[in-house]
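J.: This is the structure I have questions about; it appears just below.
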Amino acid sequence: MCGIAGVISLGDIAERLVQCIHNLEYRGYDSCGVAMVNGSPHIHVRKNIGAVAEVSEKERFSSLAGHTGIAHTRWATHGKVTRENAHPHSSCAADFSVTHNGIISNHERLRARLTRDGHKFLSETDTEVIVHLVEDYFMKSMSVEKAFVAAIRELEGTYAVAMISSHEPDRIFCVRKESPLIIGLGTDANYVASDFNAFVDHTKKAVFIEDGEYAVVAHDSHSIKSIATGEAVCREVLELPWDSEMAQKGGFPHYMLKEIYEQPTVVNSALDIDEAKIENLARLTVEKNLVLTGVGTTFYITQFAQYMFSIYGGATPLALSSDEFRHLARMNKDSLVLAVSQSGETYDTLTALRVAKNQRASTAAIVNVMGSSMARTVDSLILQGSGPEICVLSTKAALSQMIILTRVALEAGVLRGTITRKEANARIKDLRAIPDAIERTLNEKSGFIHTIAKAQSHINHWLFLGRERYYPVARESALKMKEVSYVHAEGMPSGFLKHGTIALIDEKMNSVVFMPPKEQKELYDLSMSSVEEIRARGGYILGIMLEEKGKPPGVFSDVITLPKAPSFVAPYLQMVAAQLLSYFTAVTLKRNIDRPRSLAKSVTVA
Ligand code: G6P
């Protein structure tokens, strides 16, 4: 993954450049660096390991003079986390510098050839071959643009690259293939970046570059050309829907908490998505053989949708984790692959869509980021409109995806005749109770959930259990706990527990059970059997359930009682409660909440 950025202006840009990679830090944060041209034949590079704020201060990024620069924040793939491997990387003569996101798959071959030709490599990265290759071609053509294009034509793999050269100090050269890159058009500067969070503080005007195109960006103009033919390409300038305040913490200690608190609004946005769009997608799911795909959180959201389609939509679709999609899926022209992704850039999910297209399947996606690769790849698109999600962990975007997919499943049920329009409307009305119930959960239950998290923070192993639609909620909640608190957590069907895992239950293994409401009698009773099984072995059990008549059963060690709400909305509210449990556990354990170790928000590599 990694975040790349570039700024070009008439005045000094160092501070803005640092701000850009700071805004992109959720894409990777093990090391970072900047490169600047400033009149000297040598490009100035400063870089080191650590987060942007720390390295920027230590290496005095902001004191670099210059009006054309590139910067990078890294999530290591090729080569360890060292200063040498941090980007930008420069040519032997230090007249070219590049930053890169992606993987150059033929880097070993290129490195061997360039080394034979006398180039000296300073890092273990795949990226460094790009800059030496450009340098090599420049010596032949003495044209930066020609050298850039010639080098790109030799690259295999995936890449978004931004390059500066002291031979053309008023230009940034950039290119993308399967890794995101976007140009921002400001009033006194232009930008290139992995995504628009980088420059949203300065401009909302953006131009998207497509695969197979490169761009040359100046402070007041830009041109996009085809790599194959060199012909100019005309691209529309888009106005981005998010503004910079939306990406600020707004008084919250962490983005994660802010985004959890934004969920009432986000649910309303998901419910306000045009009915015609939902209907179109639902119609496609009925006409075709539906396969749902996503990865990480979004895989669990597709699993939740699988239950909703099965229970209400009249057919059980496949739900495949997108990293395994190509190994498992066999598509044809009657298939519809519906991808779910917050970023719209996740490599595994994009690859699943490409595999589907190659097998002549129709494609659709639910994504949060306008103009993202998935948004531009699929035949049918629903934009979530959840606003920027900055914390590496997905909370509000995931809940929004659950709501949208529920709407599609209900509509599919109406189209198939498995449920009546009246019933579908009644369930939608239920969903409208969620924002208020979340507000009440946040206001009335946060303190209690915080207390439980603190009291149980010495526990290193958790099981998250649920049946039917509560099962994917359990898995997603376990993932949240792992991601943010680094505590081991496993999500599984509660019925599965007795088939082996129950051997682990003791006073050191906590369980969380996502209880169905009592009116789902069979499900409730089955879930209670699992609770009893844990209880009998002396394990701690936290129940998460809606407030109902009578006291919660005494077998639970603790119970998070959620506000009275229609039983249909229980899983959505339980997910919010579990988000808080993970959040407060991580706070107690003093974890890096918004940027947990080893993670990145958008994993754009295989
Ligand atoms: C990364 C993140 C996960 C996220 C997954 C899918 O692995 O660490 O939290 O769920 O990507 O991201 P997407 O943007 O496709 O929803």
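J.: Out of the chymotrypsin sites (Phe, Trp or Tyr not before Pro) in the range 159-216, which ones are loop residues according to DSSP with at most 10 other C-beta atoms within 10 Å?
T.: Taking the range 159-216 and a limit of 10 other Cβ atoms within 10 Å, no loop chymotrypsin sites (Phe, Trp or Tyr not before Pro) are found.
J.: Shifting gears a bit: With the contact rule set at Cα under 8 Å and sequence spacing of 6 or more, what percent relative contact order holds for the range 439-594?
T.: 29 percent
J.: Counting Lys +1, Arg +1, Asp -1, Glu -1, what net charge surrounds His461 among other residues with beta carbon under 15 Å of its beta carbon?
T.: Summing Lys and Arg as +1 and Asp and Glu as -1 gives 0.
J.: To the nearest 0.05, what FRET efficiency results for Lys249 and Ser598 with a Förster distance of 25 Å applied to their C-beta separation?
T.: 0.65
J.: If we sort 436-445, 344-353, 511-520 on the protection proxy, mean other Cβ atoms within 10 Å, highest first, what's the order?
T.: The packing order, highest mean first, is 344-353, 511-520, 436-445.
J.: Got a sec? What order do His327, His461, His100 fall in by accessible area at 1.4 Å, biggest, i.e. largest, first?
T.: Accessible-area ranking of His327, His461, His100, largest first: His327, His461, His100.
J.: For the range 96-126, which trypsin sites (Lys or Arg not before Pro) are both in a DSSP coil and crowded by at most 13 other Cβ atoms within 10 Å?
T.: Lys120
J.: If packing is taken as the average number of other Cβ atoms within 10 Å across a peptide's residues, how do 541-554, 570-583 rank, most packed first?
T.: Going by the mean number of other Cβ atoms within 10 Å, highest first, we get 570-583, 541-554.
J.: Which whole-number percent gives the relative contact order of the chain, counting Cα pairs below 8 Å spaced six or more residues apart?
T.: In percent, rounded to a whole number, it is 12.
J.: How much length, in nm to one decimal, is gained on full extension between Glu522 and Thr451, taken as 0.36 nm per residue of separation minus their Cα-Cα distance?
T.: Answer, rounded to one decimal: 22.4 nm.
J.: Would you mind checking the pairs Lys58/Lys204; Lys204/Lys249; Lys58/Lys601; Lys80/Lys120; Lys498/Lys549 and listing those with alpha carbons more than 23 angstrom apart?
T.: From Lys58/Lys204; Lys204/Lys249; Lys58/Lys601; Lys80/Lys120; Lys498/Lys549, over 23 Å: Lys58/Lys204; Lys58/Lys601; Lys498/Lys549.
J.: Counting Lys and Arg as +1 and Asp and Glu as -1, each charge on the Cβ, what is the dipole of the range 3-246 about the Cα centre in debye, to the nearest 20?
T.: 640 debye
J.: Another question, then. What do you get for the angle between helix 297-308 and the principal long axis of the chain? Use alpha-carbon atoms, 0 to 90 degrees, nearest ten.
T.: Long axis of 297-308 versus the principal axis of the chain: about 40 degrees.
J.: With an 8 Å Cα cut-off and a minimum separation of 6 or more residues, compute the relative contact order for the range 3-246 in percent.
T.: Contact order relative to length: 20 percent.
J.: Here is a further query. With Cβ to Cβ distances under 14 Å as the rule, what net charge do the other residues near Gly66 carry (K, R +1; D, E -1)?
T.: My count for the surroundings of Gly66 gives 0.
J.: List the trypsin sites (Lys or Arg not before Pro) within the range 153-200 that DSSP assigns to loop and that have no more than 11 neighbouring Cβ atoms inside 10 Å.
T.: none
J.: Taking N as the number of residues in the chain, what is its alpha-carbon radius of gyration divided by 2.2 N^0.38 Å?
T.: Rg over 2.2 N^0.38 Å, computed on Cα atoms: 1.01.
J.: Oh, and also: Compute the helix-to-body angle for 396-416: its Cα long axis versus the longest principal axis of the chain, expressed 0 to 90° and rounded to tens.
T.: For 396-416 against the chain, the angle is about 60 degrees.
J.: Determine the sum of side-chain charges near Val295: Lys and Arg each +1, Asp and Glu each -1, restricted to other residues whose C-beta is under 14 angstrom from that of Val295.
T.: Overall, the nearby charge balance is -3.
J.: To test your reading of the geometry: what angle, between 0 and 90 degrees and rounded to tens, separates the Cα axis of helix 128-141 from the longest principal axis of the chain?
T.: 30 degrees
J.: Calculated from DSSP H runs of 4 or more alone, at -39500 (n - 2.57) each and per residue, what is the 222 nm mean residue ellipticity of the chain, nearest 500?
T.: About -11500 deg cm²/dmol.
J.: With every protein chain kept in the model, how would you rank Ser477, Ser598 by accessible area, 1.4 Å probe, largest at the top?
T.: Order by accessible area, largest first: Ser598, Ser477.
J.: What is the spin-label model distance, in nm, from Asp430 to His499 if the labels are put 7 Å beyond Cα along the C-beta direction?
T.: With each label point 7 Å from Cα toward Cβ, the separation is 2.7 nm.
J.: Using a 1.4 angstrom probe on the protein heavy atoms only, line up Tyr261, Tyr540 by accessible area, largest first.
T.: Tyr261, Tyr540
J.: FRET efficiency for Arg83 and Lys551, Cβ-Cβ distance as r, R0 = 60 Å, nearest 0.05?
T.: 0.50
J.: Subtracting the Cα-Cα distance from 0.36 nm times the residue separation, let me have the gained length for Ser529 to Ile459 in nm, one decimal.
T.: That works out to 22.8 nm of additional length.
The values are calculated or read from the model by the stated rules, or taken from the named source; none is laboratory data. All of these numbers come straight from a predicted model, not from anything done at the bench. We place every Cβ from the backbone using ideal geometry, glycine too, and count neighbours over all the protein chains shown. Side chains are part of the model used for accessible areas, which takes the heavy atoms of the whole protein and leaves out ligands, DNA and RNA. Shrake-Rupley method; radii C 1.70, N 1.55, O 1.52, S 1.80 Å.
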